[in-house]
Amino acid sequence: DTDKAVEFYDQALVLDPSFALAFAGLSRVHQTRAGFGFSGIDEGFRLAREAAERARELDPGLADAHLALGLIAELHDWNWTAADASFQRALELAPGDARVVNAAAGLERVLGRVDRALELTGRAIALDPLSAPARRQAGLVYVIADRLDDAVASFKRALDLSPGSGLNHAFLAITELLR
């Protein structure tokens with residue numbers, strides 16, 4: 001419930017206006033809302049950018065702030081250079097954070113660097129074997145690599161971990177059709 005998430009982050013920020021991690025989380029919620037059509041795209045990403053930039057101002061060493069800025073650059077701005085710089089900074093700050101590694105893998109996938117994307121998705125899964133997003137990312141990379149059996153297995157594992165995920169169901173169905 002993204003409306004509730006925004007409400008709770010706003011409450012946290014009333015209690016502590018310098019809580020950088022809450023600003024980074026708020027950014028991710030605005031990205032989700034805009035990306036899935038729960039809010040206007042431009043307005044949602046504007047709010048996401050403001051929150052992420054505030055998080056970075058408050059704590060330049062917060063990987064979540066750089067992660068949020070990288071996702072905005074990738075998903076909204078289509079600025080691969082800025083996205084890569086943000087993801088690389090996040091990786092420097094939090095090399096053991098599966099979410100950061102998975103996001104970097106996503107950009108590598110988008111750019112068609114399949115070997116690097118596979119390496120990073122493998123690392124993200126090793127860091128967090130119960131991450132449905134990392135399993136989904138691996139599936140997407142396997143599709144690009146024309147390893148459809150591996151893709152199906154990854155999407156099925158993602159569904160085991162997150163049975164209600166519409167994206168996992170959709171990607172599995174599409175991959176089965178391709179196969």
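The values are calculated or read from the model by the stated rules, or taken from the named source; none is laboratory data. Here the structure is a predicted model, which is why all the values come from computation and not from measurement. Here Cβ is always computed from backbone atoms with ideal geometry, including for glycine, and neighbour counts include all displayed protein chains. Please note that ligands, DNA and RNA were not included when accessible areas were found on the heavy atoms of the full protein model with its side chains. Shrake-Rupley method; radii C 1.70, N 1.55, O 1.52, S 1.80 Å.
Inside segment 125-138, can you point out the residues that are part of a helix (DSSP H, G or I) and more than 12 Å from the chain's Cα centre (by Cα)? Across segment 125-138, the qualifying residues are Ile125, Ala126, Leu127, Arg135, Ala138. Is it true that Arg116 is part of a helix (DSSP H, G or I) and in contact with a Leu (Cβ under 9 Å, 6 or more places away or on another chain)? Spelling it out, it is not the case that Arg116 is part of a helix (DSSP H, G or I) and in contact with a Leu (Cβ under 9 Å, 6 or more places away or on another chain).
Scanning segment 163-179 for residues that are modelled with pLDDT under 95 and small (Gly, Ala, Ser) turns up Gly164, Ser165, Gly166. Where in segment 1-85 are the helices (runs of 4 or more DSSP H), entirely inside, with at least 1 residues that are open to solvent by 60 Å² or more (accessible area, probe 1.4 Å)? Fully inside segment 1-85 and qualifying: 2-15, 20-35, 41-58.
Considering only residues that are out of contact with any Leu (no Cβ under 8 Å at 6 or more places or on another chain) and of a type in the set (A, V, I, L, M, F, W, C), look in segment 135-147 and name the one that is farthest from Leu111 (Cα to Cα). Only one residue tops the list, namely Leu140.
Here Gly96 meets the list (1) closer than 25 Å to Ala132 by Cβ; (2) open to solvent by less than 60 Å² (accessible area, probe 1.4 Å); (3) not in a loop (DSSP other than H, G, I, E, B) almost entirely, failing just condition (3).
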